[in-house]
Amino acid sequence: MASLGLLCALLQAALAGLFVTGDVGMLDLHGMNAGLVILLALVQTVNAVLLWRRDRALRWPVAVTGGLFLLAAAQQMLGDARAIALHILLGTVIVAADAALAYWTATLRAAAPAAAVPAGGRP
């Protein structure tokens, strides 16, 4: 899921680049893909909460994905307001955060279950 989020964020940059070089039709696709980026961030946040419920030590995915969701929503508002300088800056932050999240999730290993200790207290 994180890799898909990264792919959509990178697609946003490509669509924006095509738009500013004169292909004005890309602006509509850029707007539609923005909705997908936000939706994927929300789905990732739900997945992170479910992961956290299973392993309480994994709090960081909830914070990162929740933050990405908020950033993506703010990003769309900045784009709609045509605050281009902030929109580009925040887009760069989102791509970097998505890349870090994709890396972290690809390298995340499930914690080994604690060894069962018999009632007497000795293994």
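The values are calculated or read from the model by the stated rules, or taken from the named source; none is laboratory data. Note that the structure is a prediction, hence the values are computed from the model and not measured. Note that we place each Cβ from the backbone using ideal geometry, even for glycine, and neighbour counts take in every protein chain shown. Note: areas computed on protein heavy atoms with side chains; ligands, DNA, RNA excluded. Shrake-Rupley method; radii C 1.70, N 1.55, O 1.52, S 1.80 Å.
Observations on the structure shown:
- 0 to 90° range, to nearest 10: angle between helix 84-107 axis and the chain longest Cα axis: 30
- Between 0 and 90°, nearest 10: helix 2-20 axis offset from the chain longest Cα axis: 10
- Against the set (1) 1.74; (2) 1.38; (3) 1.10, the structure's computed Cα Rg over 2.2 N^0.38 Å falls on (2).
- The stretch 19-114: trypsin sites (Lys or Arg not before Pro) falling in loop per DSSP and having at most 10 other Cβ within 10 Å: Arg56, Arg82, Arg109
- Heavy-atom surface of the chain, accessible at 1.4 Å and reported per residue (Å²): 64
- Only Lys, Arg (+1) and Asp, Glu (-1) charged, at Cβ; the chain dipole about Cα centre in debye: 760
- Helix-only [θ]222 nm of the chain, DSSP H runs n ≥ 4, -39500 (n - 2.57) each, per residue, nearest 500: -26500 deg cm²/dmol
- Sulfur and carbon atoms: percent of accessible area, the stretch 1-76 [1.4 Å]: 74
- Shown is the FRET efficiency for Asp23 and Met77, computed with R0 = 25 Å from the Cβ-Cβ distance and rounded to the nearest 0.05: 0.55.
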